[in-house]
Amino acid sequence: MSRVVVTASGGVRGRQPVDGVTAFRGIPYAAPPVGALRLQPPAPVPPWQGVRDALVPSPVAPQDRDSGAGWTPASGDDYLTLDVFAPADFPRAAPVLVWIHGGAWTSGAGSLPAYHPGAWVRRGLVVVSVNYRLGFEGFGSVEGAVENRGLRDQVAALRWVAENVAAFGGDPSRVTIAGESAGAGSVAALLCAPSAAGLFSRAIAHSVPGETYTVAHARWITDRVARAARVPATLAGFAGLPPRRVLDASRDVLAEFRAEPETGLRSIAGTLWNPVVDGDVLPVVPFEGPGAGGDPAVDLLVNHNADEWTLFSRTGAGVRPRGTADLTRWARAAGLDDAGFARFAATVPGADPLALTDALLTDAVFAEPSRRFARAHADAGGRTYRSLFTWRSPALGGRLGAAHALDLPFVFGNPAAFEPLLHAVPVLGALRRVPGLAARVPGVWPTPAAAALSRRMVDAWVAFATTGDPGWPALAPGLTPVHVWGSRDALVEEGPDARRDVWRSVRFLPAGR
């Protein structure tokens, strides 16, 4: 028998329970962001009469067709929605976990199959997964539009959770937000966002990216996109521009940046948009300076992977070095001068240019921002936990290693979901083009070791969402315990390290012009 729940906007009918999970799909938390609402803050949902079917996922936010999420210009505008997954017995006051998907701020959706949270729900959590505005629609900066619309959408979704999750069996006083990659960047931003204060008490961030923009820099990128789209870089100029045209123009600008070394990380990474330090939604840099680390009242768990950048360098999804000049230029883009890069290279003896690139950009883009965010939160007085994912994929003859996003099938409780994950995390789309990959990744399929690692990671997430303690010691002054995920886990103390020391002089400030 299907379940009906009454929300503040009206009744919703979910699907019958499957494997102990009752799902409510495509519930709107804000009005469609089109017409007069485009590039503006999320607006309230008009209430409806009677009961609305919540049986299928909503449309996804506008994004490139090759992202794997299934967006087309005909997909529909009602995509500011969320899915709720509750235990079939609808417990009272269960811990709540809100999942914020990644995808380089430009792609993906919380409603995709690889993000099905059955393993968490069967352990007693109520899980909410969120769609939000992406790309220019979510993070482009133009006079007359509000900044950080994608983050504002996430705050609106959290307000919906505070108001409605009790009707699904969840406890609004025990909300954990969690995300990976751009989702982890969202988590970091929300910890620093005054508008999100009090809407969650715990946070999980896997692979925190370290980039933000000044308003001026975000406007410069908007100018480039407007030029590519052949419209004025004004609110009126973009108002009549269909999302497809904006997406095409954004892709053109990314291609231009690849050929312009002076654009720094834009010439390396396949991303264009980032959160803007606007003095409002995001008043501080999450990793540096006053306010870094966010609200110390929130318990925080931060993870990063040992070989993040191999996902991009080894699969064709990112650029590869053509020689020493590229490496030196990329090091400068990452904040290291020539002497600093020489010191860094000395910490990776015998590495060929590609391996050195992997080490450099793993640290610069994900590992060091993750470490720095965790330490800033701990230093501000917050209870903070660190972990490191080291399980090495056998893909590509072992060259993929513990790549970016490889942790996701494990924390979602299904190592066999790697193939669907290739579609759920769009940047992994390059892997779909590797002939015969599935046959060469036996270690990702349900081997005893992979299944056991997955169970341990699920246990840690559920424990953290329930109690605030994942099962190992928190950071303390002068102490940095790190739980290492692998075929066998370990707890290590992060002591002095020459490679990490190279980054001490680098500040992760907003990109500006």
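Brief remarks on what is shown
- Cβ-Cβ distances below 9 Å connect the following pairs, each with a first residue in region 52-64 that is in a strand (DSSP E or B), a second residue that is hydrophobic (A, V, I, L, M, F, W, C), and a separation of six or more residues or different chains: R52/V12; R52/I27; D53/V12.
- The single condition among (1) crowded, with 21+ Cβ neighbours inside 10 Å; (2) modelled with pLDDT under 95 that A255 does not meet is (1).
- Restricting attention to region 16-30, the residues that are crowded, with 17+ Cβ neighbours inside 10 Å and either in contact with a Pro (Cβ under 9 Å, 6 or more places away or on another chain) or of a type outside the set (F, W, Y) (or both) total 10.
- Listed conditions (1) touching a Ser or Thr at 6+ places or on another chain (Cβ under 6 Å); (2) at pLDDT 95 or above; (3) not hydroxyl-bearing (S, T, Y) are all met by P261, apart from (2).
- Members of region 6-23 that are outside any loop (DSSP other than H, G, I, E, B) and in contact with a Lys or Arg (Cβ under 8 Å, 6 or more places away or on another chain): G11, V12, R13, V21, T22, A23
- Restricting region 292-327 to residues that are in contact with a Leu (Cβ under 9 Å, 6 or more places away or on another chain) and in a helix (DSSP H, G or I) leaves a set whose member that is surrounded by the fewest Cβ atoms within 10 Å (Cβ to Cβ) is L327.
- L431 being part of a helix (DSSP H, G or I), buried (at least 24 other Cβ atoms within 10 Å of the Cβ) and at pLDDT below 70: yes
- Where T263 falls short, out of the listed (1) free of Cβ contacts under 8 Å to residues at least 40 places away in the same chain; (2) in contact with a Leu (Cβ under 8 Å, 6 or more places away or on another chain): (2)
- Region 56-86 - residue that is among the aliphatic types (A, V, I, L, M) and modelled with pLDDT under 95 and, of those, nearest to W120 (Cα to Cα): V56
For (1) part of a loop (DSSP other than H, G, I, E, B); (2) touching a Phe, Trp or Tyr at 6+ places or on another chain (Cβ under 7 Å); (3) of a type in the set (D, E, K, R), each residue gets a yes or a no:
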| residue | (1), (2), (3) |
| --- | --- |
| A450 | no, no, no |
| G471 | yes, no, no |
| S487 | yes, yes, no |
| V502 | no, yes, no |
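- Which listed residue, of A145, A94, A104, A167, is more than 19 Å from A196 (Cα to Cα) and in contact with an Asp or Glu (Cβ under 9 Å, 6 or more places away or on another chain): A94
- Whichever residue in region 38-76 is of a type in the set (D, E, K, R) and crowded, with 16+ Cβ neighbours inside 10 Å and, among such residues, is farthest from A239 (Cα to Cα): R52
- When residues of region 191-213 are limited to those that are closer than 19 Å to S141 by Cβ and modelled with pLDDT of 95 or more, the one nearest to the chain's Cα centre (by Cα): P209
- Residue match in region 360-382 (condition: at pLDDT 95 or above, in contact with a helix residue (DSSP H, G or I) (Cβ under 9 Å, 6 or more places away or on another chain), surrounded by 18 or more Cβ atoms within 10 Å (Cβ to Cβ) and part of a loop (DSSP other than H, G, I, E, B)): yes
- Condition check for V161: modelled with pLDDT of 95 or more, buried (at least 24 other Cβ atoms within 10 Å of the Cβ) and in contact with a strand residue (DSSP E or B) (Cβ under 9 Å, 6 or more places away or on another chain): yes
- Qualifying residue in region 490-498 (condition: in contact (Cβ under 8 Å) with a residue 12 or more places away in the chain, assigned to a helix (DSSP H, G or I) and of a type in the set (D, E, K, R)): no
- Of residues in region 189-214 being of a type in the set (A, V, I, L, M) and in a loop (DSSP other than H, G, I, E, B), the one nearest to V277 (Cα to Cα): A193
- Every residue from region 24-48 that is under 15 Å from F85 (Cα atoms) and either among the basic types (K, R) or in a loop (DSSP other than H, G, I, E, B) (or both): R25
- Pairs linking a residue in region 215-242 that is in a loop (DSSP other than H, G, I, E, B) and at pLDDT below 95 to a residue that is surrounded by fewer than 19 Cβ atoms within 10 Å (Cβ to Cβ) and among the aliphatic types (A, V, I, L, M), with Cβ atoms under 7 Å and 6 or more positions apart or on different chains, are L241/V231.
Each row is one residue, and each column tells you yes or no for (1) over 23 Å from the mean Cα position of the chain (by Cα); (2) over 27 Å from D83 (Cβ atoms); (3) surrounded by fewer than 24 Cβ atoms within 10 Å (Cβ to Cβ).
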{"position": "A178", "(1), (2), (3)": "no, no, no"}
{"position": "A182", "(1), (2), (3)": "no, no, no"}
{"position": "V215", "(1), (2), (3)": "no, yes, yes"}
{"position": "W220", "(1), (2), (3)": "yes, yes, yes"}
{"position": "A229", "(1), (2), (3)": "yes, yes, yes"}
{"position": "L235", "(1), (2), (3)": "yes, yes, yes"}
{"position": "L247", "(1), (2), (3)": "no, no, no"}
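- Restricting attention to region 499-509, the residues that are more than 14 Å from T347 (Cβ to Cβ), surrounded by 15 or more Cβ atoms within 10 Å (Cβ to Cβ) and touching a helix residue (DSSP H, G or I) at 6+ places or on another chain (Cβ under 7 Å) total 1.
- Matching entry among R152, R133, R123 (being basic (K, R) and not in a loop (DSSP other than H, G, I, E, B)): R152
- The lone exception for T357 - which of (1) in a helix (DSSP H, G or I); (2) among the polar types (S, T, N, Q); (3) at pLDDT 95 or above it fails: (3)
- Criterion violated by G443 - all others in (1) modelled with pLDDT under 80; (2) assigned to a strand (DSSP E or B) satisfied: (2)
- Inside region 13-32, residues that are more than 17 Å from E163 (Cβ to Cβ), touching a Gly at 6+ places or on another chain (Cβ under 9 Å) and not β-branched (V, I, T) make up a count of 5.
The values are calculated or read from the model by the stated rules, or taken from the named source; none is laboratory data. Computed from a predicted structure; not experimentally measured. Quick reminder, even Gly has a Cβ in these numbers, built from the backbone with ideal geometry, and neighbours come from all protein chains shown.
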